[in-house]
1. Could you work out the local net charge near residue 222, counting Lys and Arg as +1, Asp and Glu as -1, over the other residues with Cβ closer than 10 Å to its Cβ?
2. Could you work out the relative contact order of segment 237-378, using alpha carbon pairs under 8 angstrom and six or more residues apart, expressed as a whole percent?
3. In whole percent, how big is the carbon plus sulfur part of the accessible area of the chain, probe 1.4 Å, protein atoms only?
4. If amide H atoms are built 1.01 Å from N in the plane of the peptide, which residues on other chains or at least 5 residues away come under 5 Å of the amide H of residue 187?
5. How about segment 12-54: which trypsin sites (Lys or Arg not before Pro) there lie in a loop by DSSP and see at most 12 other Cβ atoms within 10 Å?
6. Keeping every protein chain present and rolling a 1.4 Å probe, give me the accessible area per residue for the chain in Å².
7. For the peptides 143-153, 69-79, 85-95, 218-228, what is the packing order when you average, over each peptide's residues, the other Cβ atoms within 10 Å and list the highest mean first?
8. So what's the net charge close to residue 23: Lys and Arg +1, Asp and Glu -1, counting the other residues with Cβ under 15 Å from its Cβ?
Amino acid sequence: MKKSVYITASNCITPLGFDVVSNWEALQKNISGIKKHQDVGQLESFYASVVDQEALELAFDKVESGNNFTKLEKMMILALQPLVKGNKITKKIAFIFSSTKGNISLLEDEKISVESAQLALLAKKISTYFGFETEPIVVSNACVSGILAVSVAKRMIQSGLYDDAFVVAGDEVSEFVLSGFNSFQAMSTEPCMPYDANRTGVTLGEAVAAVYITADEAQVEPNSFKIIGDGAVNDANHISGPSRTGEGLFRSIESALKEAKIDKNKIKYISAHGTATLYNDEMEAIAFNRLGLQEVPVNSMKGYYGHTLGASGLLETVLAMESAKQNRLIISKGYSNLGVSQSINVITENQEVEIDYFLKTASGFGGCNTAVLFEKVK
């Protein structure tokens, strides 16, 4: 029989705040971190959700006096620090690091070596800072990275390789990433509008999220979250375009439901990917309809944070857990009129709803998809 695995602590660093409480308060007020920015690379102006550098420096100075850290490293340390504090680090604790581009912005300085931007070096630096005794595990699989890292942690704990795991997921807005999405003509000319009829594409964002995952029942308290099922299926449709039938996402959710052994009608909320591109949102609507989940309330957090790439799956899981703790559904910001071919129940007003089970999904370039089901501990 598989061990039960739980998320018992979480944190996040975003443009809306440097902990879960401040982020949740901002969401209640319908505040978005998306603002207009100018003159980065070949872009004269663009919308993005960016962490304020001055506020970050002030917060970081309270925990570390050294200056040998990049912006992303400072965000990761701030996110992990309260979770690691008080825990004894042992060889049975895994450190799972998740990002799509890591310190890619270092390469904007020609004096910096290419090797310095490797994800493994960044993971090792964060691991060493906190004194983890095991080699860091790097999960980098496009935009499913953050939620896939949760699946990897769950499976490693269930296999007996580790007792517990710290998971951190982060990405920053950089010229490299902006140029890439701009070359795809995927950037929205205004703050993104997931699932809306007038959506024109992605708004990028930056954030870091972190969770502590354990199988130790003694650490589980009310409002912890049991990870009851997961699935990760690649449909290999296209390097940058999702399956037109939602096949990979459909199978990922189907796999998570099979492992969880729950009636799908128990799912009270879906925290979806919702990038606001024409093809992604359409694919998700098709997959949810194929599974009979079209009536389940669904939102995308991209209207608040932009698309935070490798951080998005974990950040949105942290916020979905807060929704379940508070029994409160949050508006899918930017949405007004349905813009996908099959009906889905996009959340248009904050609602009080008992949420005992929720589903988190993510999809990304290369055909990757991940779905994870959570149960609230009472």
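1. Cβ neighbours under 10 Å give a net charge of +2.
2. The value is 37 percent.
3. 48
4. Here the answer is 202, since their amide H atoms fall under 5 Å of that of residue 187.
5. Working: sites: 29, 35, 36; in loops: 29.
Those that pass, being in a loop and sparsely packed, are 29.
6. Values: 15380 Å² over 378 residues.
Per-residue value: 41 Å².
7. Output ranking for 143-153, 69-79, 85-95, 218-228: 143-153, 69-79, 218-228, 85-95.
8. Details: positive: 29, 302, 325, 328, 333; negative: 19, 25, 52, 206, 316, 322.
Charge balance near residue 23 sits at -1.
The values are calculated or read from the model by the stated rules, or taken from the named source; none is laboratory data. From a predicted model like this one, the values you see are computed outputs, not experimental measurements. So basically every Cβ, Gly included, is an ideal-geometry build from the backbone, and we count neighbours across all protein chains shown. The accessibility values were calculated without ligands, DNA or RNA, using every heavy atom of the protein model including side chains. Shrake-Rupley method; radii C 1.70, N 1.55, O 1.52, S 1.80 Å.
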